[in-house]
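The values are calculated or read from the model by the stated rules, or taken from the named source; none is laboratory data. This structure is a prediction, so every number in the text was calculated from the model and none was measured. Neighbour counts are summed over all protein chains in view; Cβ atoms, including those assigned to glycine, are modelled from backbone coordinates with ideal geometry. With ligands, DNA and RNA removed, areas are computed over all heavy atoms of the protein, side chains included. Shrake-Rupley method; radii C 1.70, N 1.55, O 1.52, S 1.80 Å.
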Amino acid sequence: TYWRVASDEINYRRFFDINDLAALSMEREEVFEATHGLILSRLADGDLAGLRVDHPDGLYDPRQYFHRLQEHYLLACARKEFDADESLRDGDWPTMANHLRARLRVTHPWPLYVVAEKILSVGEPLPDWPVHGTSGYDFLNEINGLFVDPRGEPAMTRLYQDITADHTKVADLIYEKKKLILQISLASELQMLARQLDRLAQSDRRSRDFTLRGLRDALRELIACFPVYRSYSTDEGSRAEDRPFIEKAVDEAVRRNAAVDPSVFQFIRDTLLNPGPIEDKNRRARLHFAGKFQQLTSPVTAKGIEDTAFYIYNRLTSLNEVGGDPGRFGVTPAALHQYLSDRQSKWPYALSVLSTHDTKRSEDVRARLNVLSEIPEEWRRRIEHWVALNQRHKRDINGVPAPDPNEEYLLYQTLVGAWPLESPGVAADSTFIKRIGAYMEKALREAKIHRSWTRPNAAYSDAVQQFVTRILDERENAEFLKNLRMFHRTISHWGLFNSLSQTLLRLTAPGAPDTYQGMELWDFSLVDPDNRRPVDYAARRRLLDQLKVGFETGGENQSMLIKELLDQKEDGRIKLFITWRALELRRKFPGLFSSGAYNPIEAVGGLQDRVFAFARQQNTHSAIIAVPRLISGFAKNGSEAPLGGQAWGDTRLALPGTHAHRRYRNVFTDAVLAPTQSDRQPSLRLSDVFATFPVALLMAEPE
């Protein structure tokens with residue numbers, strides 16, 4: 001069959017729209033056993049310590065899958081011990097196995113460490129699955145938002161609208177792009193689902209007048225309006241937690257389709273939520289339809305948002321991250337404290353990530369771009385100047401400038417975010433130009449405006465590639481590059497401090513810190529395949545060994561090292577140093593950062609909103625973590641660090657009672673701090689906390 005008709009004609013489930021990856025019915029016991037034998041064997045042998053399950057929303061019944069995984073792991077481990085015990089007979093095994101299955105139903109925590117790559121919408125709870133939490137995209141977006149200044153939102157929005165002449169709201173864009181995916185990529189899946197629904201409609205006199213086309217159109221609208229990735233009804237029926245999402249999708253679909261009789265949307269709602277009594281002959285068919293409906297909403301959401309809308313809505317691209325909401329401009333310290341408190345109480349072993357193989361931009365790129373939210377007016381001046389300078393490098397392709405204004409705005413953010421630290425004062429090298437060109441080509445295809453993966457537009461692509469090459473040519477565009485570098489030096493300076501802050505949060509906040517390959521040093525990678533380039537681990541080992549020698553000798557050498565790391569922060573050793581010292585503390589006090597309590601700490605004083613702090617406590621062990629945020633206002637000449645009394649003035653951390661009378665040693669500087677009385681409450685002065693190092697991890701001295 002001609003491959004271009006696959007999206008219309010294929011009648012089997014695929015991994016998204018990849019025709020060569022046919023889905024398996026993992027809900028069937030025999031399929032699970034046939035495909036998981038090797039994994040379970042490696043787990044039982046101790047070769048693997050746990051699993052990260054990618055895209056569980058693609059499963060028919062994720063909860064069943066995860067429970068089956070836990071059960072089979074428990075049985076595999078028990079069988080290994082059973083076979084080694086010569087006193088046991090084969091006839092004893094069924095009884096032992098049944099006992100283990102019964103125990104699993106009431107035993108917590110789960111025996112196998114499993115995290116699920118579940119993409120949660122803002123405020124959406126993780127379903128009741130037998131896992132240890134998510135793979136961390138929710139964590140990533142909450143932490144990233146802490147470094148976005150909400151005060152910059154109006155100005156950033158006006159700039160984006162002025163540049164692009166587009167006032168489309170994020171929600172409307174996502175709605176349109178989800179419909180587009182159902183039209184061009186997942187049309188066959190929609191058609192199969194519509195036929196299932198049509199058979200159900202024809203079986204009842206009250207719904208038999210709905211047409212196949214009308215049902216298909218209504219399903220397309222309902223899925224485009226679905227507010228989360230999916231619901232989780234099972235063969236036993238729908239969950240109460242899913243009803244609000246389905247009701248909201250129906251209401252939104254009715255609102256957006258005033259010319260359509262609402263009864264067709266209500267029929268779909270009732271089919272999803274009310275499968276009927278046990279004796280109803282169509283109950284199983286309705287439940288099966290609900291399961292297949294759920295398996296379609298998820299890939300449509302992923303493709304429509306992450307792989308389409310995120311390449312179109314470019315107001316501030318650091319917000320366009322997996323699981324993120326580009327319309328949510330910043331996270332308050334209070335909101336982050338609430339999130340982290342909930343995480344500690346419910347999912348203390350979920351992964352804490354800032355970069356993964358699937359992130360659109362590395363953690364260091366996002367940290368740099370977040371600075372733009374603090375200086376929107378300066379950013380506007382630069383953008384308007386760059387657009388004017390580079391207008392001569394554009395070409396007209398069939399009446400459209402290449403790149404168009406939105407793509408050009410994306411390109412400038414990409415250059416600011418990814419510009420390498422190694423060469424801030426020389427011409428961009430050919431490798432960097434090729435990386436930017438490859439990124440822009442992928443962005444064009446994903447956006448699906450002027451071209452896509454299946455609809456080439458060679459003339460337009462060539463014009464965009466020529467634009468990238470010309471504006472980065474030192475001989476042809478020296479004025480632009482000089483201006484870009486000047487601006488980049490300031491943005492990069494404050495972006496590196498953002499990176500250090502978020503790195504320490506990842507290593508000490510509730511959750512299991514996960515460092516993506518290469519992120520021990522600065523890394524300004526873009527979306528795959530850019531973020532999957534080889535990593536020089538030998539260099540990292542060498543630098544780590546040098547840091548250990550320099551710090552552990554103590555005394556003056558230690559002080560000189562701290563100053564050197566800050567003065568030469570561009571070489572990345574300061575990030576590696578923070579990672580090493582924090583992980584060493586976790587190793588020494590493992591329970592403190594895994595099961596230890598999470599206690600928010602408030603700041604008081606003139607810069608109280610520019611610091612985020614909390615404490616971790618377990619028994620007599622206590623640690624305080626403090627990081628700066630939104631600090632570009634500290635700058636006088638664009639090169640100062642947020643250190644000492646000149647930066648922090650009278651701002652201090654108000655210590656709660658359990659932390660009020662301890663002395664603390666700074667894990668990074670070895671300085672010892674003692675609380676002082678201020679306003680009748682013990683506190684630590686930030687001028688002392690950040691005296692010589694820009695982030696703080698304070699460990700309580702033994703009592």
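Dipole magnitude for segment 454-587: about 300 debye, using +1 per Lys or Arg Cβ and -1 per Asp or Glu Cβ, origin at the Cα centre.
Relative contact order, whole percent, for segment 1-95 stands at 21, derived from Cα pairs under 8 Å and 6 or more residues apart. Computed over protein heavy atoms with a 1.4 Å probe, the accessible surface of segment 21-104 works out to 57 Å² per residue. Maximal additional length on extending the ARG239-ARG381 stretch stands at 45.9 nm, based on 0.36 nm per residue less the C-alpha distance. Rounded to 0.05, the FRET efficiency of the ALA23 and ALA102 pair, given R0 = 41 Å and the Cβ-Cβ distance, is 0.80. Farthest toward the positive end of the dipole of the chain, out of ASN390, ALA84, VAL627, is the Cα of ASN390, where the dipole comes from beta carbon charges about the Cα centre. Extension gain for GLU9 to ASP83 (0.36 nm times residue separation, less C-alpha to C-alpha distance): 21.6 nm.
A crude spin-label estimate for the pair HIS167 and LEU126, with each label 7 Å from Cα along the Cβ direction, gives 4.2 nm. Ranking SER203, GLY511, VAL5 by Cα position along the charge dipole of the chain, where only Lys, Arg, Asp and Glu carry charges on their C-beta atoms, puts SER203 farthest toward the positive end. Distance between the pseudo-spin-label points of ASP209 and SER41 (7 Å out from Cα toward the beta carbon): 6.1 nm.
Each of ASP462 and THR157 was given a label point 7 Å from its Cα along the Cα-to-Cβ line. The distance between the two points is 4.2 nm. Here r is the Cβ-Cβ distance between HIS357 and GLN568 and R0 is 30 Å; the resulting FRET efficiency, rounded to 0.05, is 0.50. Dipole size of the chain about its Cα centre, with +1 on Lys/Arg Cβ and -1 on Asp/Glu Cβ: approximately 640 debye, rounded to the nearest 20. Placing a label point 7 Å from the Cα of ARG392 along the Cα-to-Cβ direction, the residues of segment 454-496 whose backbone N falls under 14 Å from that point are 470-481.
Taking every protein chain into account, the 1.4 Å probe leaves GLU29 with about 70 Å² of accessible area, to the nearest ten. Computed from the C-beta positions of ARG195 and ARG485, the FRET efficiency with R₀ = 60 Å rounds to 0.55. Here the dipole of segment 128-194 is about 200 debye; that uses its Cα centre as origin and unit charges on the Cβ of Lys and Arg (positive) and Asp and Glu (negative).
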